[in-house]
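Working notes, structure below.
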Amino acid sequence: ANPARDVKFLRPKRKGGFPPWTAEDIEKFEKRHPRGSKARLALDLLISTGVRRSDVIRLGRQLIDNQGRLTFVTHKG
């Protein structure tokens, strides 16, 4: 028996996903979250690496090689 069989599909209110951030959005975020905060680190990593959120959360010091470069393999699950 499948209890989810009779559940109606929920249609999203927003079409096309979330809107991309503008330069003004990023500037506003940077003013609110100073360098050194976790939120700012997350933004800087997302912007500077250009990888998926699922890959950014795995980044860390363990991925820095002997020459100071960040080296990792992206993952798509």
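For the stretch 43-60, a residue qualifies if it is exposed (fewer than 11 other Cβ atoms within 10 Å of the Cβ) and assigned to a helix (DSSP H, G or I), and the qualifying residues are Ile47, Ser48, Arg53.
With respect to Arg40, is the statement that it is free of Cβ contacts under 8 Å to residues at least 60 places away in the same chain and either of a type in the set (Val, Ile, Thr) or surrounded by fewer than 11 Cβ atoms within 10 Å (Cβ to Cβ) (or both) true?
Judged against the criteria, Arg40 is not a match.
Cβ-Cβ under 9 Å, sequence separation 6+ or interchain: first residue in the stretch 63-74 and free of Cβ contacts under 8 Å to residues at least 40 places away in the same chain, partner assigned to a loop (DSSP other than H, G, I, E, B) and surrounded by 10 or more Cβ atoms within 10 Å (Cβ to Cβ). Which pairs? Going by the 9 Å Cβ cut-off, the qualifying pairs are Leu63/Phe72; Leu70/Leu59; Phe72/Val51; Phe72/Arg58; Phe72/Leu59; Thr74/Val51; Thr74/Arg52.
Considering Gln62, Gln67, the condition of being more than 18 Å from the chain's Cα centre (by Cα) and at pLDDT 95 or above is satisfied by Gln67 alone. The listed residues are Phe72, Phe18, and the only one of them that is at pLDDT below 95, open to solvent by 100 Å² or more (accessible area, probe 1.4 Å) and of a type outside the set (Ser, Thr, Tyr) turns out to be Phe18.
The values are calculated or read from the model by the stated rules, or taken from the named source; none is laboratory data. Keep in mind that this is a model prediction, so the values were computed, not measured. A quick note on method: Cβ atoms are made from the backbone with ideal geometry, for glycine too, and the neighbour counts reach across all protein chains shown. The area values use the complete protein model at the heavy-atom level, side chains included, leaving out ligands, DNA and RNA. Shrake-Rupley method; radii C 1.70, N 1.55, O 1.52, S 1.80 Å.
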